[in-house]
């Protein structure tokens, strides 16, 4: 089983000793190593009937690689603790492995090791390592009044896709009936199944002098709340500054939802959000969406998000 | 919840950025990092009715720290993906955390980060990092004919303790009735609940020139089989060379078992087994138990262990 998995996993340049020993050995040329871990459970973080094994692998890898990028680091390797049911088809495991492999390949990382055990449900314990290349780690606590807040990557796409899947048969009918823009809806569903984090923007933001950064996993408002709290500042977002992606707009049209809700509260796209000192010339991949001021909390339309969620907030 | 956990976790010198950000930052002064991961599941790897949460934490940490030591490295940090049921008592979680903390402290490591999620059963995804201090990693494939095979740490203790627990009420009766040597039996049960890997012997063996090393997690015969296969050699063990620990002998007396079975096939004590070139002066903590010769497999009494297990083998 283990040999079957490792046989599908080519090793990248940073892996000095891959699977098969008590531990792997990974290059850490910087003299420090960035490390992040997540536990993903079938039924809670993914569903085998909603996502292919390949997409589950890509998404599980992406989530952890994005955490490493959000520190300003370049991901180097993953190690994976894998729990699998005895009756899991071997093909499912092969495709899961391929998903991990291919998402790692996007950033030049690889799966350096792991552990396989029997479990009644599929469990993925994923740990990502990364190298800062001599840069300071970009934490959450460096945002200062006067800094701008910018995002790179997609917002609301995965949430729109999840809402389409959850709405179920009706939406599927609309999709199957060829309701336009069909391509945009499918793109939203695909975004739920497989995020495309802007990995390279992490080290790039660090080089540009980002004062705080994180990856948007729980929704922009909630995640920027972490930055505001850690930095002791208020973040004011400008709703008009957000570009609503076509898939988000299309799904909102079908489901009668405010697309900005997904943009501001939808997680799982693993966009990067960062604060930069005023005057930093940001590349086009970073969109300024707000600013840092004295105070606390995250404000939209001049009001703080209420505890009752979006409806209550509006 | 996360704050409650991290509040119990002091950070060691190697942790440059601890819990609370997208990722942790750990020193890797060697320019390389040793990394090992394991997934531990309630019901499969531990039972809440057989082990205290504190012991579960210590054992889960020990298992991974021992993997790092078995490469010849000094453990620096753990990261933990934690799945917990909604109704898990907070006290259970506190004690689990303390177990992780205290086992890390044995080697000067600490818990640098983690992830908490809801799960129907307790799931522990544990990843350990370590530093080689400029030494070459001790792999499994360097044993050569003429080398000696030695072990450091306990063998068969955890297996004896597990057998006592599994035997259940009768043994408990014997224990409660004060059957002697009671202390030795309790020590066996304690060894099942909490291994004491000889962590420092890992880097020490590497410095002494160990040609191959691993930690004994599945039983000495099986694990040395990995060394024999990876190195392309035969390992001949001398049964008379093993010291049977008092707890193992006492449990074997109660249960009418051959204690050498536990010594040679019992896992979970996380002893270290290594090959050394002939002529290396080994410290008393390492006991020579066999030798490396041309051929394949692992032989005891001049015979290879059969697939039918110990009984079949004898």
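Can you pull out every residue in the range B:196-220 that is away from chain A (no Cβ under 14 Å) and buried (at least 23 other Cβ atoms within 10 Å of the Cβ)?
Within the range B:196-220, B:219, B:220 qualify.
Just to be sure I understand, how many residues within the range A:119-145 are farther than 23 Å from residue B:111 by Cα and modelled with pLDDT of 95 or more?
So the answer is 8.
Looking at A:109, A:105, A:86, which one is crowded, with 24+ Cβ neighbours inside 10 Å and assigned by TED's automatic domain parsing to the domain that holds residue A:46?
Within the list A:109, A:105, A:86, the selection yields A:109.
What is the residue count in the range A:67-77 for residues that are assigned to a helix (DSSP H, G or I) and over 14 Å from residue B:21 (Cα atoms)?
0
When you go through (1) touching a strand residue (DSSP E or B) at 6+ places or on another chain (Cβ under 9 Å); (2) free of Cβ contacts under 8 Å to residues at least 12 places away in the same chain one by one for residue A:49, which number turns out not to apply?
Against the list (1) touching a strand residue (DSSP E or B) at 6+ places or on another chain (Cβ under 9 Å); (2) free of Cβ contacts under 8 Å to residues at least 12 places away in the same chain, residue A:49 comes up short only on (1).
Conditions tested, residue by residue: (1) without any contact (Cβ under 8 Å) to a residue 12 or more places away in the chain; (2) over 19 Å from residue B:268 (Cα atoms); (3) in contact with a helix residue (DSSP H, G or I) (Cβ under 7 Å, 6 or more places away or on another chain); (4) within 12 Å of chain A (Cβ to nearest Cβ).
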position	(1), (2), (3), (4)
B:74	no, yes, yes, no
B:84	no, yes, yes, yes
B:88	no, yes, no, no
B:99	no, no, yes, no
B:116	no, yes, yes, yes
B:125	no, no, no, yes
B:135	no, yes, yes, yes
B:145	no, yes, no, no
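Over 25 Å from residue A:165 (Cβ atoms), in contact with a strand residue (DSSP E or B) (Cβ under 6 Å, 6 or more places away or on another chain) and at pLDDT below 95, is that true of residue A:288?
no
Tell me the residue from A:102, A:67, A:98 that is at pLDDT 95 or above and under 30 Å from residue B:131 (Cβ atoms), please.
A:67
Does residue A:130 satisfy being within 14 Å of chain B (Cβ to nearest Cβ) and either over 27 Å from residue A:275 (Cα atoms) or within 19 Å of the chain's Cα centre (by Cα) (or both)?
So residue A:130 passes the test.
Filter the range A:184-224 down to residues that are in contact with a strand residue (DSSP E or B) (Cβ under 8 Å, 6 or more places away or on another chain) and either part of a loop (DSSP other than H, G, I, E, B) or more than 14 Å from residue A:150 (Cα to Cα) (or both), then give me how many there are.
7
What's the number of the only condition in (1) buried (at least 24 other Cβ atoms within 10 Å of the Cβ); (2) more than 27 Å from residue A:227 (Cβ to Cβ); (3) away from chain B (no Cβ under 11 Å) that residue A:54 fails to meet?
(1)
For the range B:147-175, how many residues meet the condition of being in a helix (DSSP H, G or I) and at pLDDT 85 or above?
11
It is to be established whether one or more residues within the range B:2-21 are surrounded by 20 or more Cβ atoms within 10 Å (Cβ to Cβ), within 13 Å of chain A (Cβ to nearest Cβ), at pLDDT below 95 and over 26 Å from residue A:16 (Cβ atoms).
For the range B:2-21, residues surrounded by 20 or more Cβ atoms within 10 Å (Cβ to Cβ), within 13 Å of chain A (Cβ to nearest Cβ), at pLDDT below 95 and over 26 Å from residue A:16 (Cβ atoms): present.
What pairs come up if the first residue lies in the range B:26-46 and is farther than 17 Å from residue B:56 by Cβ and more than 7 Å from chain A (Cβ to nearest Cβ), the second is at pLDDT 95 or above and in a strand (DSSP E or B), and their beta carbons are under 7 Å apart, counting only those six or more places apart or on different chains?
B:30/B:131
The values are calculated or read from the model by the stated rules, or taken from the named source; none is laboratory data. Here the structure is a predicted model, which is why all the values come from computation and not from measurement. Note: ideal-geometry Cβ built from the backbone for every residue, glycine included; neighbour counts use all protein chains shown.
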